[in-house]
Amino acid sequence: MRKIIRAEYAGFCFGVRQAIEKAEEAARNSIGDIFSMGSLIHNERVTQDLEAKGIKIINNLNEVSEGDKVIIRSHGEGKNFYDEADIKKIQLVDATCPFVAKIHNLVHDTDKQVVIVGDKEHPEVMGIFGWCRKPALVISSYDEAAAIKEDDLFVVTQTTIREEVLFDVIKALEDKNKVFHVNNTICSATTKRQKSCEKLAKESDIMIVIGGRKSSNTKKLCEISKKFCKNTFFVENIKDLPLKELQKCNRIGVAAGASTPECTIKEVIARMSDVTLENNELNMNDLMDEI
Ligand code: F3S
């Protein structure tokens, strides 16, 4: 008997949901266009929906004029961005996730050498970097941590990195006898999604990981899933479903990134049910209770 089993934690996290609600509220209350600094979330469908509501994407503040409204997405921005908006008299709708804002405060309040464990190209990391009093070191591996020359380090993490990456960094700093203080700022929403994806991948014949192609947290879920279930597929929408593969499998696991809207998850599950299933077992959690 075939079963579709949804990961215990999947889909929008608190921070993404809050950012979308703030953006939609700002759009409702604005007469003219409003702008989002970068794509609000890495999901094509949600981005198109927001554009239809009058929210245009910009890449820097030179693209807007005095009095315009600009939404800061959940990834946050550096201090310079706020200063520039203030000088240009731009109105900000700040949808920075509170967990990211907490990291901004931590790094801004220390005089120590900040080490950010994360991806230096990721907008969240660039935002955190922009709140440090002196240039931070951005690393993501044992070797990079072992090569650090500075001492008395203040370590923070990108909210979406895998815990193993942080553990590798701590090991390297211990091996080099560094003095350091670690703030594990990995978000619990991320950890819960990764752990529930891993658990499900171990029990499934096939894993369907749903999310936008540019969503780094969905890509990480896919990597984790592949470790435990080789038969893992990244799907953005129902068009990507591997229908032939699905028909050969009995236990179908479903995971979804923190930026994947509920409507997409439900459509994918419904399509798989139509095609392959005699019986479904869905674990529909109340996502509001997760944090
Ligand atoms: Fe915030 Fe965590 Fe989501 S940091 S944006 S609640 S993954």
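The values are calculated or read from the model by the stated rules, or taken from the named source; none is laboratory data. The structure presented is a predicted model; accordingly, all values stated were derived computationally and were not measured. Cβ atoms come from the backbone with ideal geometry, glycine included; neighbour counts cover every protein chain shown.
Side notes on the structure shown:
- Only one of LYS226, LYS239 that is of a type in the set (D, E, K, R), more than 24 Å from ASP119 (Cβ to Cβ), more than 16 Å from the ligand (Cβ to nearest atom) and not assigned by TED's automatic domain parsing to the domain that holds HIS122: LYS239
- Within region 187-198, the presence of a residue that is exposed (fewer than 14 other Cβ atoms within 10 Å of the Cβ), assigned to a helix (DSSP H, G or I) and touching a residue at least 12 places away in the same chain (Cβ under 8 Å) is excluded.
- Within region 109-140, tally of residues that are away from the ligand (no atom under 16 Å from the Cβ) and of a type in the set (Phe, Trp, Tyr): 1
- Filter result for the condition that a residue is within 14 Å of the ligand (Cβ to nearest atom) and in a helix (DSSP H, G or I), over LEU166, LEU106: LEU106
- Residues being assigned to a helix (DSSP H, G or I) and crowded, with 18+ Cβ neighbours inside 10 Å - total across region 220-250: 6
Here's the yes/no breakdown for (1) at positive phi; (2) more than 16 Å from the ligand (Cβ to nearest atom); (3) over 22 Å from the mean Cα position of the chain (by Cα):
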{"residue": "ALA7", "(1), (2), (3)": "no, no, no"}
{"residue": "ASP33", "(1), (2), (3)": "no, yes, yes"}
{"residue": "ILE41", "(1), (2), (3)": "no, no, no"}
{"residue": "ILE55", "(1), (2), (3)": "no, yes, no"}
{"residue": "VAL70", "(1), (2), (3)": "no, yes, no"}
{"residue": "ARG73", "(1), (2), (3)": "no, no, no"}
{"residue": "ILE87", "(1), (2), (3)": "no, yes, yes"}
{"residue": "THR96", "(1), (2), (3)": "no, no, no"}
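- Cβ-Cβ under 6 Å pairs, at least 6 apart or on other chains, region 1-29 side surrounded by fewer than 22 Cβ atoms within 10 Å (Cβ to Cβ), far side of a type in the set (Asp, Glu): LYS3/GLU281; ILE5/GLU281
- Restricting ASP68, ASP109, ASP143, ASP83 to those that are under 30 Å from ASN184 (Cα atoms) and in contact (Cβ under 8 Å) with a residue 24 or more places away in the chain reduces the list to ASP143.
- Qualifying residue in region 148-159 (condition: within 16 Å of the ligand (Cβ to nearest atom) and surrounded by fewer than 18 Cβ atoms within 10 Å (Cβ to Cβ)): no
- Set ALA256, ALA270: member being at pLDDT 85 or above and within 16 Å of the ligand (Cβ to nearest atom): ALA256
- Complete set of residues in region 80-101 that are surrounded by 15 or more Cβ atoms within 10 Å (Cβ to Cβ), among the charged types (D, E, K, R) and in a helix (DSSP H, G or I): GLU84
- Across region 266-277, not a single residue is classified as part of a loop (DSSP other than H, G, I, E, B), surrounded by fewer than 16 Cβ atoms within 10 Å (Cβ to Cβ) and over 23 Å from the mean Cα position of the chain (by Cα).
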